[in-house]
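Right, one structure below, let's go through it.
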Amino acid sequence: MNLPIVFVHGIRVSGAMWAPHRDLLSPTPIRTPDLPGHGTRRGEPFTLAGAIRTVVDAIDEVGGRALVVGHSLGGYAAIAAAARHPHKVAGLVASGATTVPGRVLTSAFFLAHKALSRLRDGGDAVSRAQFRGLLPPAVAEPVIAAGIATEVIPSVLAQAARFDPLTDLASYPGPVWLVNGAHDHFRAGERRFVRVCWDGRLIVVPRAGHYLPMVRAAEFSRIVRDCAAVAAGPAPGVRSEEAS
């Protein structure tokens, strides 16, 4: 059987962002859970511990071991889960998650949240227009229908301020793929990130941005399929510097 895959979504959206990948990677067993405070779990407080539990529960649903693929916030949650449960994570793919959360990054999100929250609808109309302008309809409409959780931003940022992804990556012994669009604003620390991995690879996709997994789903699925094939084999157990 193909190695199962757990996909972890980014901030404000939900597991619905991965809808195209279910068909593209069929018949691989796939889970696309909603993190606390998102999608079907809107209203729940977001915590890193809760996000890790969500990832682990999804892995257990597909047999107890899987390739974990995360985008943006989901990438950081996937890194944290891999560090704490390495025996369950056969391999790790993190996209758009190679910047250490800091004051500049969190301030930008806080300002965006403040501006959206002042609107009568909490920024829903603006957010819907943003996603329809950036994403293909086959992705944008499921994402919008599942809800855009702008209200969760403050609790996510509060947790992110205490998260050290570099230390977590350095403690995970399995294969790691850091996959970024060339124009992704979250790729600033990608070389530091890949250097701390025991078995790390960096893939930079030309002419792509932060929403690579949603805008170029077929290309991203091909990368994930290749990663799953490697992760299904024996773990190399040797630290590497960088591959692209």
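Would you mind working out the magnitude of the charge dipole of the range 1-136 relative to its Cα centre, with +1 at each Lys and Arg C-beta and -1 at each Asp and Glu C-beta, to the nearest 20 Debye?
360
Kirkwood hydrodynamic radius for the range 89-232: how many Å is it when counted over pairs of different Cα atoms?
Its Kirkwood hydrodynamic radius stands at 16.7 Å.
Can you pull the percent of Cα pairs in the chain with separation above 29 Å? Display every interim value, and only then the final one.
On the way: 6209 of 29646 pairs.
Across the chain, Cα pairs with separations above 29 Å total 21 percent.
Can you tell me how much longer the chain between GLU219 and ARG128 gets when fully stretched, taken as 0.36 nm per residue apart minus their C-alpha distance, in nm with one decimal?
Separation in residues times 0.36 nm, less the Cα-Cα distance, equals 30.3 nm.
Quick one: give the max-minus-min coordinate of the C-alpha atoms of the range 122-193 along each principal axis, largest first, in Å.
41, 27, 21 Å, listed from the longest principal axis down.
Placing +1 on the Cβ of each Lys and Arg and -1 on the Cβ of each Asp and Glu in the range 1-112, which of LEU24, THR54, GLY64 has its Cα farthest towards the positive end of the resulting dipole?
Ranked along the dipole, the leading option is THR54.
Taking the range 45-86 as the region of interest, what is the percent of Cα-Cα pairs per 5 angstrom bin, listed from the shortest bin to the one with the maximum distance?
6, 26, 37, 24, 7, 1
Fewest to most neighbouring Cβ within 10 Å: what's the order for LYS114, LYS88?
LYS114, LYS88
For the range 1-97, take every pair of Cα atoms, bin their distances at 10 Å starting from 0, and report each bin as a whole percent.
Bin by bin from 0 Å, the calculated values are 18, 56, 25, 1.
Let's see if you can work this out: charge +1 on each Lys and Arg Cβ, -1 on each Asp and Glu Cβ, no other charges. What is the dipole magnitude of the chain about its Cα centre, in debye to the nearest 20? Kindly include the intermediate steps, with their values, before the conclusion.
Numbers: 26 positive and 19 negative charges, 78 e Å.
For this selection, approximately 380 debye.
Would you mind calculating the gained length between ARG195 and ARG162 on full extension (0.36 nm times residue separation, minus the Cα-Cα distance), in nm to one decimal?
In short, 9.7 nm is gained.
When the dipole is taken about the Cα centre of the range 108-198, and only Lys, Arg (+1) and Asp, Glu (-1) are charged at their Cβ, what size is it in debye, to the nearest 20?
With only Lys, Arg, Asp and Glu charged at Cβ, the dipole is about 240 debye.
For the pair VAL204 and ASP121, how long in nm is the line joining their label points, each one 7 Å along Cα→Cβ?
Those two pseudo-labels are separated by 3.9 nm.
Which far-off residues, 5 or more places away or on another chain, put their amide H under 5 Å from the one on ALA208, with H placed in the peptide plane?
ALA182, HIS183
For the residues ILE79, ILE153, what sequence is obtained by ranking on other C-beta atoms within 10 Å, fewest first?
Result, fewest neighbours first: ILE153, ILE79.
Read-outs throughout are calculated quantities, based only on the coordinates presented, and are distinct from any laboratory measurement. Since the structure is predicted, the reported quantities are computational estimates derived from the model, not experimental observations. Cβ coordinates were reconstructed from backbone atoms using ideal geometry, including for glycine residues, and neighbour counts include every protein chain displayed.
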